[in-house]
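Notes for the one structure printed next.
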Amino acid sequence: MKELIQVASGKQKADLVIKNVTVADVFNGRYFVGDVAICGGKFAGVGSYSGKTEIDGTGKYLLPSFYDTHLHFESVMIRPSEYLKAAVPRGVTALNADPHEIANVCGETGIKFMLDDVKGIPCDVHFMMPSCVPATPEDKSGCVLDAKDVKRLVEKYKLFGLGEMMNFPAVIGGDDDVTEKLSVCDIIDGHAPSVGGNALNAYLCGNILTDHECETVDEVLEKISKGMYVMIREGSQTKNLTANIKAVNKSNLRRFLFCTDDRNVEDLFEIGTIQNAVRMAVECGLSPIEAVTIASLNAFEAYGIKKHGAIAPDYSADFLLCSDNIGQKIDAVYYHGDRVAENGKPLFDVTPADASKLYGSVHIKSVTKKDFEFEFKAGMPAMRVFPNTVVTQTVYPKSRDGLNLMCCIERHSNSGMIGHCYVDGFNLKNGAIAQTVGHDAHNITVLGDNAGDMLLAVNGLGSDGGLVLVKDGKLIGKLPLEIAGLMTDGSAENALKIRAELFKALGDMDYNKQIEPFMLLSFLTLIVIPDAKLNHKGLFGVSEWKYLYKG
């Protein structure tokens, strides 16, 4: 402290000074020019300074680095250390990671792997305790974590808070186990799509802080009016920013955060994560400093993390040196005053954790073509999908024309249970897609237009799982996901290469090109997002909270 004070007063040289740089002032909502002094991993001050090392910042911008407030590493299909090698150079030095995908497959073993894999990486990774393993009592996952497990694991691993409480019916209904989970942590993320009125009031009495599932401005404004922070989500399939940014005004600006939730690896590398949200927000009408404030200070203050998220005395020196004022052209990333990335490349090494215990997670009974034959009846309930959202609609088609069959196969305990339904809007022809990524129980999901290709796709997954693409009776693409059937144990670059081959093969197939098929398919089994979803038992109506049919 004494040294920092001496540097701040100008009596002692700083470790590092960025001279004559344009500073993002997130407190006053402006940019101004000055020298920024750094000492011992903190900002000493902004003014006129000299340092042991000096960098000319003329024409450059200094921004607080970004905070992704809610994500799942598993959705990127690469291990956390590989993700951070790409995310940190793109401006993120803090994030809240909810490992509930891997926890649903292999419980504590999976959570520990995630924690071990990020050790030593220059980024504040706040791991949340998965709150819903499984997501609801209707799901069959590889593990069950009750309230006692939640309390034990939070204490054992010093977890940051309770991850998204998606079982909103149980919160509102006062379920004993869920209520006990809500008492474990002070920080609790929410997940309450389309919940409003008295139901929302009841949900918020569970001490829930945030929500990232808003679809409309009215929903955003109601949740903010009731004290929530709203995460404006821009993922790879769930694209809510363009709609929800319209709810931001001068009065409520400080109640918004950015998150990605579920991102594919292509988007991570091509457009970044929070970096992309900032750019889009400005394109939608926010001022640059407003977008930067949401991406930085708002997030830290929402989660009670003091002295982070701003360029100010005694604040942690986590910042971006940029050639623009919104962090799209990042020259260098600093964490605790150290340069950790430059020109889009990490300057740090990683030590990957051993993932071998998480291999071989697929356990199913043998399947036959008959398992992928399901009688269509005119007027039976079906699921309609749409671009840029994982919200679906229940429809009642009169004909099977244009529909695909989807199956959800329980893959954790050899139960042989298979749910079936028809899907409208995917429009896949002459082929099938199968994968072991299926939120949140991560059973096998397969969709196709003929039983033969669906059988071949499922058998192509093997014991490790992954993504498989079949066309005209031939397996034309596969991405192995050895780690719990969710993540590749290879490099991010190798995942990009294989996925590029998969998408090239997809390009030769006939399907709805407005959707990202692998990401969308992974959400069609999540029965806590409206309206019709499929699990291993059958087609579930979320609004009615009952099965539309089983089998």
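The values are calculated or read from the model by the stated rules, or taken from the named source; none is laboratory data. Only a predicted model underlies this, so the values are computations on that prediction, with no experimental measurement involved. In this analysis, Cβ positions are derived from the backbone assuming ideal geometry, glycine residues included, and neighbour counts consider all displayed protein chains. Just the protein is used for accessible areas: all its heavy atoms, side chains included, with ligands, DNA and RNA removed. Shrake-Rupley method; radii C 1.70, N 1.55, O 1.52, S 1.80 Å.
At SER399 and LYS226, where each label point lies 7 Å from the Cα along Cα→Cβ, what is the point-to-point distance in nanometres?
Computed distance between label sites SER399 and LYS226 equals 4.4 nm.
Per residue, how many Å² of accessible area does the range 441-546 show with a 1.4 Å probe?
Solvent-accessible surface per residue comes out at 31 Å².
So what's the net charge close to GLY344: Lys and Arg +1, Asp and Glu -1, counting the other residues with Cβ under 13 Å from its Cβ?
Around GLY344, the charge tally is +1.
What length, rounded to one decimal in nm, is gained on full extension from SER413 through to GLN6, with 0.36 nm per residue of separation minus their alpha-carbon distance?
140.2 nm
Which FRET efficiency value, to the nearest 0.05, is calculated for ARG254 and ASP324 with the Förster distance at 22 angstrom and r the Cβ-Cβ distance?
Between ARG254 and ASP324 the formula returns 0.40.
Taking the range 398-551 on its own, what percent of its Cα-Cα pair distances exceed 28 Å?
So the pairs more than 28 Å apart make up 15 percent of the total in the range 398-551.
Based on alpha-carbon positions alone, could you give the equivalent ellipsoid semi-axes of the range 330-398 from the gyration tensor, as √(5λ), descending, whole Å?
Result for the range 330-398: semi-axes of 49, 25, 9 Å.
Sorting check: for 442-454, 214-226, which peptide has the highest mean count of neighbouring beta carbons within 10 Å, and how do the rest follow?
Top of the packing list down: 442-454, 214-226.
Of ALA310, VAL195, THR351, which is farthest towards the positive pole of the chain's charge dipole, taken about the Cα centre with +1 and -1 on the beta-carbons of Lys, Arg and Asp, Glu respectively?
Result: ALA310.
Work out the FRET efficiency for ASN512 and SER48 from their Cβ-Cβ distance, taking R0 = 45 Å, and round it to the nearest 0.05.
Result of the calculation: an efficiency of 0.15.
How big is Rg to Rh over the chain, alpha-carbon atoms, Rh as the Kirkwood inverse-mean-distance radius?
With Rg and the Kirkwood Rh in hand, the quotient comes to 0.99.
How many nm separate the modelled label positions at THR216 and SER463, each set 7 Å beyond the Cα in the direction of the Cβ?
Between THR216 and SER463, the simple spin-label model gives 5.1 nm.
What distance in nm lies between label points placed 7 Å from Cα along the C-beta direction at GLU493 and HIS336?
Inter-label distance under the simple model: 2.8 nm.
Write down the Å³ per residue value for the convex hull defined by the alpha carbon atoms of the range 281-372.
Hull volume over Cα atoms, normalised by residue count, gives 256 Å³.
Please give the length that would be gained between THR368 and LYS246 if that part of the chain were fully extended, namely 0.36 nm times their separation in residues minus their C-alpha to C-alpha distance (nm, one decimal).
38.9 nm
Can you give the net charge of the other residues whose Cβ lies under 15 Å from the Cβ of GLY360, counting K and R as +1 and D and E as -1?
Summing Lys and Arg as +1 and Asp and Glu as -1 gives -2.
Can you tell me what percent of all Cα-Cα pairs in the range 429-471 are more than 17 Å apart?
Tail of the P(r) past 17 Å holds 23 percent of the pairs.
Calculated FRET efficiency, VAL144 and LYS504, Cβ-Cβ r, R0 41 Å, to nearest 0.05?
0.55
Could you check how much of the accessible area of the range 206-353 is carbon and sulfur, as a whole percent, using a 1.4 Å probe?
49 percent
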